[in-house]
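A quick write-up on the structure given underneath.
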Amino acid sequence: MDDLLCSSFVIFLIFINTCFAADILNVKQTLRDDGNSSLVSSGGDFELGFFSPGSSKNRYLGIWFKKVSNRTVVWVANREAPLLDTSGVLRIGANGNLELVNGRNSTMWFSNSTKSAKNEPVVAQLMDSSNLVIRHENDTDPEKYLWQSADHPTDHILSGMKLGWDLSRGLERYLTSWKSVSDPSPGNYTFRMYLEGYPQMKVADGSSSTTSFRFGPWDGIQFSGVSFNIPDLNFDLKLIVTDTEIYSKFDVNNNSRPVSACECLGGFVPRSLEKWKLADWSGGCVRSAPLTCGSGEEFQKIPGLKLPDTQTSWFNRSMSLADCETECRKNCSCTAYSNVDIRQGGSGCMLWFGDLIDMRNYADNGLPLYVRTASQPGLFVLLGLILIYVYRKRKLSSKATLKPTNDGGNEDQGQDLELPLVEFEEIAKATNNFSLNNKLGEGGFGPVYKGTLVDGQEIAVKRLSKTSNQGLHEFKNEVKCIAELQHRNLVRLLGCSIEDGEMLLIYEYMSNKSLDVFIFDKELSMSLDWPKRYNIINGIAKGLLYLHQDSRLRIIHRDLKAGNILLDHEMSPKISDFGLARSFADNESAANTIRVVGTYGYMAPEYAIEGLFSVKSDSYSFGVLVLEIVTGKKIRQFYNSKDNLNLLGHAMLGSCSSSEVLRAIHIGLLCVQPYPQDRPNMTYVVSMLDSENELPKPKQPGFFTDNRVQQGSEYPSHHSESSVTNNDLSITVLEPR
């Protein structure tokens, strides 16, 4: 029969309730397969007894969740030696081991404890953690257990259990799949920790000796690039290393579930372009130019990664990152390097040799990897030509200083934009040679700096990192979009510089930085009274309306969030960061993609799950933003443990005498309805904000659980680019070969 795939490895968080049932078996008692005998943990969560899995008539001794109606077995004793009838008996033998015997008194399974029982009575106890232990009757110290089932897991690991090695005892704790739902005997798939090279965890297929999935190496805080992002069932892995043990354990986490697609790193191209277009990424990527081990080679910093397979890596815990680069440069076979531990600014060195296999992109919890690449000046030359073409098309002329254009109101004025080409030397001087003291922040494109021109004008400078492949795409996209846009609620692009391989975009400077700085800060939020908050909501709505309806190109922002709303000196909002935006022709209203980008929590469910986006995707993000502005709570961090409510549910519970506040909440809830056809467009949103007309009743907001878009949706029934694949762990898969 077929093995259960690696998805059969299930991880549970245990919630403790209070009740009492018999949980101990002593030497004078037996547990029989009579339909009535079992052990139940003192908390009432777990039960030990006999069962038949699936359609099988064989009998097994196992542990399952007591309060789950659909029996979920988490541990099996005799998985390789089934009982053929109901004659099974569990007892404590003379040597203190648990024994499972059949009707002929033949031993089918025993605990095989490596610790000998003293001349004291022993008992077996089912713990609230699901752990079945053998201990001395009067000694409850876990360190003195004679045996425990947690040292011998089957296909489940629960919170508090260890997965890995006890080096002092030569004991390995790992998971093995069931062969099928009716056969719990060991299948082909294992989930275990490998100690070759730097320790890492893999799901392996024993039938083909291949790795099905690999966790990134431990970085001191987390396994790089791995998070369990299933709503209401979320976990983080942790690694514990001592002189005698190396193991991982599970803890609860609070993220969302992403969708994945594949890309090649900068300096790499698909091995088979035809297969790549069909979303077949199995061939991986190859270098676009061979390495020569010459002086022109650089190391491209790729942020937010699950690091490559470490089986053939070399590491040193005491080296600095600078020494790590030096060491890699000295060896022509070294293809990449990174820190071992990211705490306190990073420490240690890990080097990779040969192919870089199994990387994933994680903006929130990934690590930076420095990949050796050949010099590629052509990329910047190409971008420069694109920029020059845009400027010439708009009849731009070079200016000595930068001056903002008209506010533009709600209509595109149709005027030629004054977008100067500025000398790099002037920008370098304005930013004090891109000093760290002038740095405002950093994105996938590269850093942003504050600058002051010779005439006193303050600017913000976005500098494309020379090693940023993702940033190059966003940089070009931002130029394409924002050069066409002019509105009082959009940040202004004032100029650019494209000299000496440098790509700089120059914006008006926002003295009050971004909205998230204010609304999520306990003290600063006090300066935002309700009129200011309502003005911000209104301004964002009008900026979005312009993008969706009144600009020359219909623009879907795709990353609307508090961090991308800038505030000027009057606290007026300006929508910024168009690196992920998409433009549409007049006759287009929706699209889909295999590359889902943006920020989870603000992302519309149909986009996060299906890759489908439209103006209604931005409406959803706007609704989340409204609720954050009103409540001062982050969508991804708020949780009411008493009522099990996220931010959306919390907003529904709020009460206020101000009709304007209630109206804003009402509009926000209309925008976050699960299905796009139920959400208002921004024309209607602006109308609702500016009037006192009666509002429609919103449907209950909640997590989107259907993988289909309802009938009647404005979206097409088929994907135009490629099918979308759901994945529990990543947004983008990077697999250079």
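FYI, it's all coordinate maths here, none of it is from the lab. Computed from a predicted structure; not experimentally measured. Glycine also receives a Cβ, built like all others from the backbone with ideal geometry; neighbour counts cover every protein chain displayed.
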Task: chymotrypsin sites (Phe, Trp or Tyr not before Pro) restricted to DSSP loop in the stretch 311-369 with at most 12 other C-beta within 10 Å - done: none
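Any of Lys66/Lys179; Lys238/Lys462; Lys513/Lys542 with alpha carbons more than 31 Å apart? Name them for me.
With Cα atoms farther than 31 Å apart: Lys238/Lys462.
Exposure proxy check: Cys324, Cys334 ranked by fewest other beta carbons within 10 Å?
Working: Cys324 25, Cys334 21.
By the 10 Å Cβ count, ascending, the order reads Cys334, Cys324.
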- [ ] Among His569, His557, rank each residue by its count of other Cβ atoms within 10 Å, from fewest to most, as a rough exposure measure.
- [x] His569, His557
- [ ] Can you tell me the FRET efficiency between Ser168 and Leu195 if r is taken as the Cβ-Cβ distance and R0 is 22 Å, rounded to the nearest 0.05?
- [x] 0.95
Open item on the list: Can you tell me how the stretch 40-86 classifies by the Cα gyration tensor, rounded, prolate or oblate, using a/c under 1.5 as the rounded cut?
Closed with: prolate
Open item on the list: Cβ neighbours within 10 Å, averaged per peptide: list 210-222, 514-526 in order, most packed at the top.
Closed with: 210-222, 514-526
Open item on the list: Students often check this: by mean Cβ neighbours within 10 Å, which of 674-680, 535-541 ranks highest, and how do the rest follow?
Closed with: 535-541, 674-680
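May I ask you to list the GluC sites (Glu not before Pro) in the stretch 127-201 that are in a DSSP loop and have at most 14 other Cβ atoms within 10 Å of their Cβ?
Working: sites: Glu137, Glu143, Glu172, Glu196; in loops: Glu137, Glu196.
Filter output for the stretch 127-201: Glu137, Glu196.
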